[in-house]
Every structure is written in C-alpha cells, then in structure tokens.
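Have a look at the structure below, then the notes.
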C-alpha cells in the first residue's frame, strides 16, 4: 500500500506545530520587549505592575470574549493591549484589527510602537511576512489591519476575529454615520464563540463615556485590592483615604516634600509610596459580583495603583481641583486619576442654599416697599396650574411674595385681574400684578376636546386683557432672552390680525441661569424669598442643574420631574426682562403721569398694555381663594 506524502509550507508548520502551554502573562514575560519608559529595551517585568498579570491571564481564558479596561494615566493600559495583540498573533490564527481614534494617531502608533514591538520580539518577528501602511501580512495567511475610527470605510466590509480598540472615548461620532465603537464590534459577529475584543481607554466626561458604560455593563466587574503589609487586609484603594502629614494644604509643598500617605482602612497604618507599591504587588483582583464563566469582563484601574504616580502628586492635584472654579481641572482629576466619569456642574444649588435667601422681615403675600411692579409666572398642567409671583424694584432686585397651585381657569382670572397685595409699611396701599406669563402647555387637557395649548390660546384671547400672555420655551439659545411671534394671522396675506394673539418665545437656558445667579449670596441683583417660603419651593427650584456635556456644551439636566416652581420663576423673570417690550424699566421710567387713566402709547406691533400706575390703581383689594402649596 503506497503512502501519501505532504509537504507543508512554513506557515502551515507554524499553525500545526506543538506549542508549549503558557499563560498569557508567562508568554509576555518571555517575549515582550518594552518600547518606552524607564524600562525601555528590557523584557517585560510583571513585578513592576503586578495587576497586569491577572488582566493578561483573563485574555487567555477560553470563555471570555470581551475585556474592557477603564484606567487612568500611566497604568499600562496600552501595553496590556499590545501584549494581547502579540499573543494573538503568536498563538491564534485569524484576522485581527487594531483601531485608533484618528489617522494621525494611527500613523504615529504604527511607526513608533507597533512595528518596533513586532520587529524586536523574535517570537513575533517571524510572523510578519509583509508590511505596508495600515496592514501587516502574517505568516499564517491572515492579516493585521490598522483602522482609524475617523474613516467609516476602514471599518466596513472586513470580518475580524480579534479586535483591539484603543481609546474609544476619543472616537468621533458623526451624525448619521453610526457609533464607531459598535460598528467595530459588529465586524466580529461571524466569530461569535471564538472572538476576542479588547477595549482600553481613559474615561472622558460623564457616565455616557463609552469605556465606562462598557466596563460597568460587563458580565463581571473586577477591582484590584492591595494587601496592607501591616495587617494583611485586602482593600480596594480609595482616594479619600489619602492623608497629608502635618495637615499641609500647599500643593507645591506636598509634592516637593512627598507628604501624602495612604491610610489603611482596617488598621490605619499609613503607607508611603514605597509601601503602597509593595501593597499593590501583593494584591489581587476581585469580582464585585462573581459570574460563572463570564463572557465579558471589566477592569477598573485608578492611578492609585501605579508605581509611576506618587500619592503626593494625587493629593496635590485633588487640592488644586477643589480650589479652582474650573471644571476642567476636576474633570481631569476624576477622569485621569480616579478613572471615573465626571459631569461638571456649572450651576447648581441645594435646598439649604435656597432657603438661606429668605428675608425674615418680609411676610408672605406682602409687597416690599421698594417694589414698583409684580410679575407672575404660571406653569400649565393637565388639570391644574402652578404659579409664582415676584415683586421687582426699579434696580431689578426681586422678591418671592407668593406661590402655590390653582385649580380652575376662574382661579387664574382672579389671580391675574383681581388680586392685590398689601405694600409693606404703607397701610391701605396695595399693588396688583402688572404682567403674567403663562406656559402655553402642549399636552392633552383634562376634558380631551382641546389640547392645553389651544385652551391657553383661547383663554388669553378672551381674558388676557393685555396682561396675560402665552409663552413657549425655545429648544436652543437665542440672541435675545424674549422674542415674540404672531399667532393670529389673516389666512391669505399672512399678516397679523390687529389686536390678535402674540406668543412670546423664551430663551430658557439664559433665564434659568439668571434665576440661579440671582439666588447667590453675592448676586448684584439678588432674589430674596418671603419669610415663610417652605422646602417645597426650594426642592422644586433645585430640581435642575447646569452641566457641561462630553461635547463641551452646557445643558440643563433634570434631577426631578417636580420642577414647576422653577418654571414659574423663569416665566416671572421673563416678564421683567429688558427684551420684553415695553420693558419694566421703560414703564417705570414713564410712570410719572398723575392722571389715573393715563395710558402709555402702544408700539405698532405690540399688544395693548396699561402703564404700571394704571395697572396698580385698577387692581382690587380681594385676595382670591386658592390652594397654596
């Protein structure tokens, strides 16, 4: 019987050769040459960064398909990724891809890191058959592709077995072109049971950070626990346990004299940098919620674990961030050192801060003697209303004098046209509301016949009386806080109907910012609250805060849906804003006519308005019955 003879190519021999069974960490210690840093040119030393060992061996686990590493500065994230890539080239045939945020970064990494890593390691050098820009042809017939997240074409039409994503938080997302990180992962679907995905990054911005989401949504989240050399207690290191010797507050001195220590959470022993390094070297990884054979694993790496980052450096940076008004310093500390998300708050207030603005000498439903006008904001709900009444001085100081709920449209009419408030220190003198802004709503009404918007429009046409005006918030910032548009127009010409309805459009972002700034103790035009203002008002005022998103833009974040008094306060501020014509300042300046029936001449396109004095004289002395909060 004749025997068949097969001649294997070198690539086939590489595939079929019997390999020594090594863990990924052991393979790395034998074959990886460090490219930069103080150990450049030497073989990898895992005793320097002991936490890398557990991460590398997780990559070699057959049931783990995805590893997400969220880490700070100088922790070896990129080195970990390149080691995994090298191990994949040497041990697992198949197409591979390394993705970077931009073409420029890709070219620099290819020339300065990836090519030297492959060429200086004997175990990896033999696998590279051909190298062109953005592509390595491997001995087993597969390829290593280098892709930029800035180019959708580079991540299309390629099936990948092993995927390596570097700094996905820096991937640029373009409208209508999908999410680069998810598109890259989609390239691995054909290998759903044998694929490997490694994603490493520093988080950028808030909780929407891609690497933070990927890490926290992994099947298993692992944190590193250092072992105290004094009491042998394992513990996850927290920056709040860093203390400074002698209570020194000067960050320059802390860094210069290395005064920071890490206090053990168990025995209170204070670690120096050297002791910290020993504690980390003796540490271990722990899963917060262990899972049997997890498919995806997340690793969290704060800078506290790095031998390259001094505890004093972290302490000094924290002090500088706390002392600065710049959100960028705090974001850099939270993202870069703690490896945690950070949502910078530009404007916010607590209930205690709001209630501290109470003027204890001002009773509720009482107008301060300095006030020249009252404005009112009404927030429209499906079956009721919320309202706020503010008193204004000529120099634009303001006071909250009344707030609460209204049940029916009759209550709105009574508040706007019949209610007058006594003036403090002037017996017998009262003041009525000068201007009312009512939210034009939009949801279905209680009766379901008309929408709330239609109800507001109809009521303002009939009962507004040149005093109550429908308002709507703009979705974007505008060049003026208050502008207007005509609702009632002639059907053919599109011209405004004389004395027709006008809708006022508000720059809500500007007006909310103004409200919060006026509630500060150092405000030049402060807002004060009457003496019996309760926590219900303060709670709703603090239901939103101004934050800066990952794109650098400021936006208002809703903390609670109960924000009606904030909306009412914004509407009342709009009534007094100088861009609402005629403005409060103009009307106050013109209020010198002693005749009770004097009327300010109207502008051509403005709704009819009485002067402030005339509005006050015609207000009755009846306080409408209503349900106060």
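Find the residue count for the stretch 524-543, including only residues that are free of Cβ contacts under 8 Å to residues at least 60 places away in the same chain and within 17 Å of residue 352 (Cβ to Cβ).
So the answer is 2.
With the structure loaded, tell me whether residue 410 is over 20 Å from residue 530 (Cβ atoms), free of Cβ contacts under 8 Å to residues at least 12 places away in the same chain and either part of a helix (DSSP H, G or I) or outside the structural domain of residue 501 (by TED's automatic domain parsing) (or both) or whether it fails that test. Talk me through it step by step, then tell me what you get.
Details: over 20 Å from residue 530 (Cβ atoms): yes; free of Cβ contacts under 8 Å to residues at least 12 places away in the same chain: yes; either part of a helix (DSSP H, G or I) or outside the structural domain of residue 501 (by TED's automatic domain parsing) (or both): yes.
Against the criterion (over 20 Å from residue 530 (Cβ atoms), free of Cβ contacts under 8 Å to residues at least 12 places away in the same chain and either part of a helix (DSSP H, G or I) or outside the structural domain of residue 501 (by TED's automatic domain parsing) (or both)), residue 410 qualifies.
Please work out which one of (1) surrounded by fewer than 23 Cβ atoms within 10 Å (Cβ to Cβ); (2) modelled with pLDDT under 90; (3) in a helix (DSSP H, G or I) is the condition residue 90 fails and give its number.
So the condition that residue 90 fails would be (2).
State whether the residues of the stretch 58-68 include one that is part of a loop (DSSP other than H, G, I, E, B) and over 24 Å from residue 98 (Cβ atoms).
Going residue by residue through the stretch 58-68, those that are part of a loop (DSSP other than H, G, I, E, B) are 60-65.
Next cut, over 24 Å from residue 98 (Cβ atoms) only: none.
No, because not a single residue in the stretch 58-68 is part of a loop (DSSP other than H, G, I, E, B) and over 24 Å from residue 98 (Cβ atoms).
What helices (runs of 4 or more DSSP H), lying completely within the stretch 174-260, carry at least 1 residues that are over 22 Å from residue 97 (Cβ atoms) and within 31 Å of the chain's Cα centre (by Cα)?
Values: elements: 180-186, 210-216, 251-257.
Per the criteria, 210-216, 251-257.
Can you tell me which of (1) surrounded by fewer than 18 Cβ atoms within 10 Å (Cβ to Cβ); (2) over 18 Å from residue 126 (Cα atoms); (3) in contact (Cβ under 8 Å) with a residue 60 or more places away in the chain; (4) assigned by TED's automatic domain parsing to the domain that holds residue 169 is the one residue 45 doesn't meet?
(3)
Give just the number: which of (1) within 25 Å of residue 440 (Cβ to Cβ); (2) at pLDDT below 95 does residue 517 not satisfy?
Of (1) within 25 Å of residue 440 (Cβ to Cβ); (2) at pLDDT below 95, only one is false for residue 517: (1).
Here are the criteria: (1) surrounded by 19 or more Cβ atoms within 10 Å (Cβ to Cβ); (2) in contact with a helix residue (DSSP H, G or I) (Cβ under 8 Å, 6 or more places away or on another chain); (3) under 16 Å from residue 200 (Cα atoms). Tell me which single one residue 65 does not satisfy.
(2)
From 358, 343, which residue is farther than 30 Å from residue 204 by Cβ and touching a strand residue (DSSP E or B) at 6+ places or on another chain (Cβ under 7 Å)? Outline the logic, then answer.
On the way: 343 fails: farther than 30 Å from residue 204 by Cβ.
Result: 358 is the single residue among 358, 343 that is farther than 30 Å from residue 204 by Cβ and touching a strand residue (DSSP E or B) at 6+ places or on another chain (Cβ under 7 Å).
Of the residues 275, 297, which single one is more than 33 Å from the chain's Cα centre (by Cα) and buried (at least 17 other Cβ atoms within 10 Å of the Cβ)? Working first, answer last.
Working: 297 fails: more than 33 Å from the chain's Cα centre (by Cα).
The match here is 275.
Anything in the stretch 303-312 that is at pLDDT 95 or above and out of contact with any helix residue (DSSP H, G or I) (no Cβ under 7 Å at 6 or more places or on another chain)? List them, or say none.
None - no residue of the stretch 303-312 is at pLDDT 95 or above and out of contact with any helix residue (DSSP H, G or I) (no Cβ under 7 Å at 6 or more places or on another chain), so the list stays empty.
Please state which one of 75, 106 is in a helix (DSSP H, G or I), crowded, with 23+ Cβ neighbours inside 10 Å and within 29 Å of the chain's Cα centre (by Cα). Quick ask: steps written out before the conclusion?
Working: 75 fails: in a helix (DSSP H, G or I).
Only one candidate passes the filter, namely 106.
How many residues are in contact with a strand residue (DSSP E or B) (Cβ under 8 Å, 6 or more places away or on another chain) and surrounded by 16 or more Cβ atoms within 10 Å (Cβ to Cβ) if we restrict to the stretch 109-125?
Residues in the stretch 109-125 being in contact with a strand residue (DSSP E or B) (Cβ under 8 Å, 6 or more places away or on another chain) and surrounded by 16 or more Cβ atoms within 10 Å (Cβ to Cβ): 6 in total.
Among the strands (runs of 3 or more DSSP E) contained in the stretch 450-510, which hold 1 or more residues that are in contact (Cβ under 8 Å) with a residue 12 or more places away in the chain and exposed (fewer than 15 other Cβ atoms within 10 Å of the Cβ)? Walk me through it before giving the result.
On the way: elements: 468-473, 482-486, 502-506.
Those strands (runs of 3 or more DSSP E) span 482-486.
Sort through 349, 303 and tell me the only one that's within 30 Å of residue 275 (Cβ to Cβ) and in contact with a strand residue (DSSP E or B) (Cβ under 9 Å, 6 or more places away or on another chain). Even if it seems obvious, please write down each step before you answer.
Values: 349 fails: within 30 Å of residue 275 (Cβ to Cβ).
Answer to the check: 303.
Kindly list, by first and then second residue, each pair from a residue in the stretch 83-108 that is at positive phi to a residue that is in a strand (DSSP E or B) and at pLDDT 90 or above, limited to pairs with Cβ atoms under 7 Å and residues at least 6 apart or on different chains.
These pairs meet every condition: 94/162.
Counting only residues that are within 22 Å of residue 566 (Cα to Cα) and assigned to a helix (DSSP H, G or I), how many does the stretch 316-358 have?
Result for the stretch 316-358: 5.
The values are calculated or read from the model by the stated rules, or taken from the named source; none is laboratory data. If you're wondering where the values come from, they're calculated on a predicted model, not measured in any experiment. Heads up, the Cβs are rebuilt from the backbone with ideal geometry, glycines too, and the neighbour counts pull from every protein chain shown.
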